[in-house]
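The values are calculated or read from the model by the stated rules, or taken from the named source; none is laboratory data. None of these values were measured; they are calculated from a predicted model. When we count neighbours, we look across all protein chains shown, and the Cβ atoms used for this are built from the backbone with ideal geometry, even at glycine.
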Amino acid sequence: MIRKHRLFLPILAFLWLSSFAADNSSPTLKSVMQGLGRSMNNLNQGIFLEDFTLIEKAALEVASHPKPKSQLPTIIKTLNVRMPQFKSTDSKVHHSAIDIAKLAKKRDMAGILNKHSVIMENCVACHTQFRLEISRVLSQ
C-alpha cells in the first residue's frame, strides 16, 4: 500500500503544478480583442439600461484587459516606428475606461458618453490602421 502512495503523490503533485502552468499562458491578441468586445458590449448595455453598476464593472474590465505577451515581440517588430501610435490608442482606451468607472460612481451619464466616444474613436482608429497588417503577421 505504501508503494502505491509513493507513486501516486508525485503524479498528483505533477498534475497540480502543471495546471498552474497552463493558467499562466499568455492570451493571443485575438482572444484579448474578443474579451474587449464582450466588455464593450456589456458597457453599451449598461449605458442603454442606465445601469451604473454594470457600466463601472465593464469599464474596469476594459481598463484591465490582459496583454498578449507572447505575441508582443512580433507586434512590436511589425509596427516598428508606428508602435507609439499603437500604444497611444491603447492608452487612451485604458484611461477613458478608468474615467468611465469613476463617472459611473457619480452617475454622470454625460461624462460617461463623452469618454465612451473616446474609446470608440480609438478602437476604430487602431483597427483601421493596424488590424489587417497585424492579423496577417500573427496568422503566419
Does Val81 satisfy being under 17 Å from the mean Cα position of the chain (by Cα), at pLDDT 95 or above, in a helix (DSSP H, G or I) and exposed (fewer than 14 other Cβ atoms within 10 Å of the Cβ)? no
Mind checking whether some residue in the range 32-51 is touching a Lys or Arg at 6+ places or on another chain (Cβ under 9 Å), of a type in the set (Asp, Glu) and surrounded by 17 or more Cβ atoms within 10 Å (Cβ to Cβ)? no
Matching entry among Ala125, Ala97 (being part of a helix (DSSP H, G or I), buried (at least 17 other Cβ atoms within 10 Å of the Cβ), of a type in the set (Gly, Ala, Ser) and at negative phi): Ala97
Among the listed residues Ala97, Ala110, identify the single one that is among the aliphatic types (A, V, I, L, M), touching a helix residue (DSSP H, G or I) at 6+ places or on another chain (Cβ under 7 Å) and modelled with pLDDT of 95 or more. Ala97
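Conditions tested, residue by residue: (1) closer than 24 Å to Ile75 by Cβ; (2) part of a loop (DSSP other than H, G, I, E, B); (3) touching a helix residue (DSSP H, G or I) at 6+ places or on another chain (Cβ under 7 Å).
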| site | (1), (2), (3) |
| --- | --- |
| Pro27 | yes, yes, no |
| Ser31 | yes, no, no |
| Leu36 | yes, no, yes |
| Asn41 | no, no, no |
| Ile47 | no, no, yes |
Consider Gly46 carefully, then state whether it is more than 26 Å from Ile134 (Cα to Cα) and modelled with pLDDT of 95 or more. yes
Residues of the range 63-77 satisfying the condition of being part of a helix (DSSP H, G or I) and either acidic (Asp, Glu) or more than 15 Å from His127 (Cβ to Cβ) (or both): Ala63, Leu72, Pro73, Thr74, Ile76, Lys77
Using beta carbons and a limit of 8 Å, which pairs, at least six apart or on different chains, have the first residue in the range 38-58 and on the phi > 0 side of the Ramachandran plot and of a type in the set (Gly, Ala, Ser) and the second one assigned to a helix (DSSP H, G or I) and crowded, with 18+ Cβ neighbours inside 10 Å? none
Check off (1) at pLDDT 95 or above; (2) surrounded by 13 or more Cβ atoms within 10 Å (Cβ to Cβ) for Pro73 and give me the number that stays unchecked. (2)
From the list Lys115, Lys106, Lys102, which one is loosely packed, with under 14 Cβ neighbours inside 10 Å and within 18 Å of Glu56 (Cβ to Cβ)? Lys106
